[in-house]
Amino acid sequence: MRTDIENIITEQQPQARVAVAFHDLESGEEVLIRADEHFHPASTIKIAVMFAVYQQVRQGQLTLDEQIPIINQFSSIVDDSPCAVNAAEDSDSSLHERAGQTASVDELVRLMITISSNLATNLLLRRVGRQSVNDLLEQLGIADVYMRRGMDDEKAYALGMNNVASARGLMQMLKLLASGQVVSAQDSREMNAILLEQMFNEGLPAGARAGTPVAHKTGWIENHYHDAGILYPHERKPYVMVVLTEGIPVEQDAHLLVATISRCAWQHVNSHHPSGA
């Protein structure tokens, strides 16, 4: 499988930097390709924000029905100067149209994950705090995933002060989630259900059999495109797949590469378990 994936990368995008992390929860098999290299995680980091939200709900520090004011003004980590989410570039416009109103924590989490709302992310991050995200990742034993700033902090971005993730780190996060070990078993199930509602399905799901449940989060920024998820074949335990890409100028080409790698993993898994094909 590793050789097949490396050949796919060489054939489709030889100039790109591509990391892959695969873990089969049924067999324990892993495939790791450049899995410890650091990437700009784009919106895949939002999984970690969701983890922190659910931890604080479990601890009684907030509730899912708590109403958060929709105010699009935040502080840059560079100098605390005001910054805002660019509405024209946000994948969700609904919150921007409701400025001055409120939204529940539950709604914000769903918008952050399923449609990748940057404004929802920053509103949640302001409520739970960046440090709580990183503290939880450390508690979970996740290496090489770090939340440095919120979305659309242009001053920080220009200085290279970005969030960080590796394919292995994201894989470890999703392994724990699939095993019910993030916050609690119930919380893990609820977060997994939200990831299953993902609306951008050009990557990992496109490589699996139609109708296969995929709990995943995409991310894209400039020449980066990623997909990280848990795939649920029929009548077997799931497997985790993370593909991070950098240096593919056409986004559709990045989608195709991730889908092709996903298809390779799907075929490999199901060649050993025909009932899941």
Pick out, in residue order, every one of the GluC sites (Glu not before Pro) in segment 15-88 that is DSSP loop and has at most 16 other C-beta atoms within 10 Å; say none if there are none.
26, 29, 37, 66
Scattering profile of segment 81-198 from the Debye formula, Cα beads only, expressed as log10 I(q)/I(0) at q = 0.10, 0.16, 0.18 Å⁻¹, is -0.33, -0.88, -1.10
Over its alpha-carbon atoms, segment 43-147 yields an Rg and a Dmax in Å of 13.4, 39
Work out the charge dipole of the chain with +1 on the Cβ of Lys and Arg and -1 on the Cβ of Asp and Glu about the Cα centre, then indicate which of 159, 260, 87 is farthest towards its positive end.
260
Length gained if residue 131 through residue 271 is fully extended, taking 0.36 nm per residue and subtracting the Cα-Cα distance, is 46.1 nm
Cα centroid of segment 227-272 to Cα centroid of segment 133-178, whole Å:
21 Å
Computed FRET efficiency, Cβ-Cβ of residue 106 and residue 143, R0 35 Å: what is it to the nearest 0.05?
0.70
Distance in nm between label sites at residue 62 and residue 75, each 7 Å beyond Cα in the beta-carbon direction?
1.7 nm
Roughly how many nanometres apart are two label points built 7 Å out from the Cα toward the Cβ at residue 2 and residue 250?
3.2 nm
Once you treat every alpha carbon in segment 6-63 as an equal point and sum by Debye, what is log10 I(q)/I(0) at q = 0.12, 0.17, 0.20, 0.25 Å⁻¹?
-0.52, -0.81, -0.92, -1.03
I need the semi-axes of the equivalent ellipsoid of the chain: take the C-alpha gyration tensor, multiply each eigenvalue by 5, square-root it, list largest first in whole angstrom.
30, 21, 16
With runs of 4+ DSSP H residues as the only contributors, calculate the mean residue ellipticity of the chain at 222 nm using -39,500 (n - 2.57) per run, divided by the residue total and rounded to the nearest 500.
-11500 deg cm²/dmol
Normalised Cα Rg of segment 154-214, dividing by 2.2 N^0.38 Å with N its residue count, works out at 1.44
Against the rule of thumb 2.2 N^0.38 Å, how large the Cα Rg of segment 180-277 comes out
1.10
Using a Cα-Cα cut-off of under 24 Å, which lysines could be cross-linked to residue 175, ignoring same-chain neighbours fewer than 8 residues away?
46, 217, 237
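Computed from the coordinates by the stated procedures, all read-outs in this text should not be read as laboratory data. Just so we're clear, the structure is a prediction, and the values are computed from it rather than from any experiment. Virtual Cβ from ideal backbone geometry, glycine too; neighbours counted across all protein chains shown.
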